[in-house]
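Heads up: the structure comes next, in structure tokens.
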Amino acid sequence: MILIVDSGATKSDWIALDKNGNQLFITQTLGLSPEVLTRNVIEDRLANNFELSKNKDEVTQLHFYGAGCGTDRMKKFLAEIFKDFFPKAKADVKEDTFAAIFSTTKVGHQGIVCILGTGSNCSYYDGERLHQKVTSLGYIPMDDGSGNFFGRKLIRDYYFNKMPQDLAEKFAEGYDLEADVIKENLYKQPNPNTYLATFARFLVENKDHPYSKGVIDKGFQQFINNYIMQFDLATKVPINFVGSIAHYLRKELTAVLERNDLIVGVIRQRPIEGLMEFHRETL
């Protein structure tokens, strides 16, 4: 059995294939980011999934693409957990950028591939190899244009009284904005980046409000300036995206890209379908 996994900070999509590439099952767990989760939490999330627990001894290959897997230390940390949980599996752990590449860009083709979901990232794929200009320092100083970036912006504007009154009232109705609740989730609970990203839904739902339009536009422009424009070929190759923010704000994202003379490529919400086709071709 072959397992293919696309793991973001919020959730992980799993697809199981047999040796002929036939789909056996699809399942989902919470995110498995090694940067913000302990070994015990990750092990619990695996063990609490019925399909994974039931089939763990049948898995021979595990292709894991995950947020927070950009360093050798984090890759080794996860690989050791997978070795214990899937005793017969050979685990290949890569950062989630490769999932974005393999699901949007054909081997041999060039393109800039971006992630805009709970977090954000950007890489150039020359058809064979991955090139990055920016080393991620995590969600606090970086992640421009992401769900947690927009969530942080909304909370700050609400508390600094910069959000229009009509929208602020609606925001308060939809979320528990008590200071103690926010601080509890940010400083004492796991996955603070995922918590911040939950507020981005409000921005999507109210994207036509003048305030929201400004926040979205500035956030995407900041992502382009700080990430995409790092590459000399930025205006000459397609710019591909995966992630919920890119998907649900496709129209707004496309407008900002075109304003910057960038070529809009593939925009996909979830890379798992493209990953499945990629690995079927390599069986």
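The values are calculated or read from the model by the stated rules, or taken from the named source; none is laboratory data. Bear in mind that the values here come from a model prediction, so they are computed numbers and not experimental data. Methodologically, a virtual Cβ is constructed for each residue, glycine included, from the backbone with ideal geometry; neighbour enumeration extends over all protein chains shown.
Among the residues of the range 110-142, which ones are crowded, with 21+ Cβ neighbours inside 10 Å and among the aliphatic types (A, V, I, L, M)?
Within the range 110-142, ILE112, VAL113, ILE115, LEU116 meet the criteria.
If I go through the range 103-145 residue by residue, how many of them are within 19 Å of GLY8 (Cα to Cα) and among the basic types (Lys, Arg)?
The total comes to 0.
Find all pairs meeting these conditions: Cβ atoms under 7 angstrom apart; at least six residues apart or on different chains; first residue within the range 228-248 and in contact (Cβ under 8 Å) with a residue 40 or more places away in the chain and of a type outside the set (S, T, N, Q); second residue surrounded by fewer than 17 Cβ atoms within 10 Å (Cβ to Cβ) and part of a strand (DSSP E or B).
Listed by first residue and then by second, the contacts come to VAL237/ILE263; PRO238/ILE263; ILE239/ILE263; ILE239/VAL264.
Quick one: how many residues across the range 13-56 are among the polar types (S, T, N, Q), modelled with pLDDT under 95 and surrounded by 13 or more Cβ atoms within 10 Å (Cβ to Cβ)?
Count: 1.
In the range 198-208, is there at least one residue being in contact (Cβ under 8 Å) with a residue 40 or more places away in the chain and within 15 Å of the chain's Cα centre (by Cα)?
yes
Quick one: is THR194 assigned to a helix (DSSP H, G or I), at pLDDT below 95 and within 19 Å of ASP144 (Cβ to Cβ)?
Yes: the conditions hold for THR194.
Those residues that are assigned to a strand (DSSP E or B) and over 13 Å from the mean Cα position of the chain (by Cα), I need them from the range 100-159; list them, please.
If the condition is that a residue be assigned to a strand (DSSP E or B) and over 13 Å from the mean Cα position of the chain (by Cα), then GLY111, ILE112, SER123, TYR124, TYR125, LEU130, HIS131 are the ones that fit.
Taking only pairs six or more apart or across chains, which ones have beta-carbon atoms under 6 Å, a first residue in the range 66-88 that is more than 25 Å from VAL242 (Cβ to Cβ) and in contact (Cβ under 8 Å) with a residue 60 or more places away in the chain, and a second residue that is in a loop (DSSP other than H, G, I, E, B) and among the charged types (D, E, K, R)?
These pairs meet every condition: PHE86/LYS56.
Working only within the range 181-240, note down all residues that are within 15 Å of VAL256 (Cα to Cα) and among the small types (Gly, Ala, Ser).
Within the range 181-240, SER212, GLY214, GLY219, ALA234 qualify.
Tell me which of these LEU283 doesn't satisfy, since it passes every other one: (1) surrounded by fewer than 20 Cβ atoms within 10 Å (Cβ to Cβ); (2) at pLDDT 90 or above; (3) of a type in the set (A, V, I, L, M, F, W, C); (4) more than 19 Å from the chain's Cα centre (by Cα).
If we test LEU283 against (1) surrounded by fewer than 20 Cβ atoms within 10 Å (Cβ to Cβ); (2) at pLDDT 90 or above; (3) of a type in the set (A, V, I, L, M, F, W, C); (4) more than 19 Å from the chain's Cα centre (by Cα), just (2) comes out false.
Considering only residues of the range 57-93 that are assigned to a helix (DSSP H, G or I) and touching a Cys at 6+ places or on another chain (Cβ under 8 Å), which is surrounded by the fewest Cβ atoms within 10 Å (Cβ to Cβ)?
Result: LYS75.
Starting from the range 22-47, keep only residues that are farther than 28 Å from ARG280 by Cβ, then list their pairs with residues that are assigned to a loop (DSSP other than H, G, I, E, B) whose Cβ atoms are within a distance under 6 Å, requiring at least 6 positions of separation or different chains.
Pairs found: GLU35/GLY68; VAL36/ASN191.
Just the residues that are more than 14 Å from PHE85 (Cα to Cα) and either over 21 Å from the mean Cα position of the chain (by Cα) or polar (S, T, N, Q) (or both), please, taken from the range 22-65.
If the condition is that a residue be more than 14 Å from PHE85 (Cα to Cα) and either over 21 Å from the mean Cα position of the chain (by Cα) or polar (S, T, N, Q) (or both), then ASN22, GLN23, LEU24, PHE25, THR27, GLN28, THR29, SER33, THR38 are the ones that fit.
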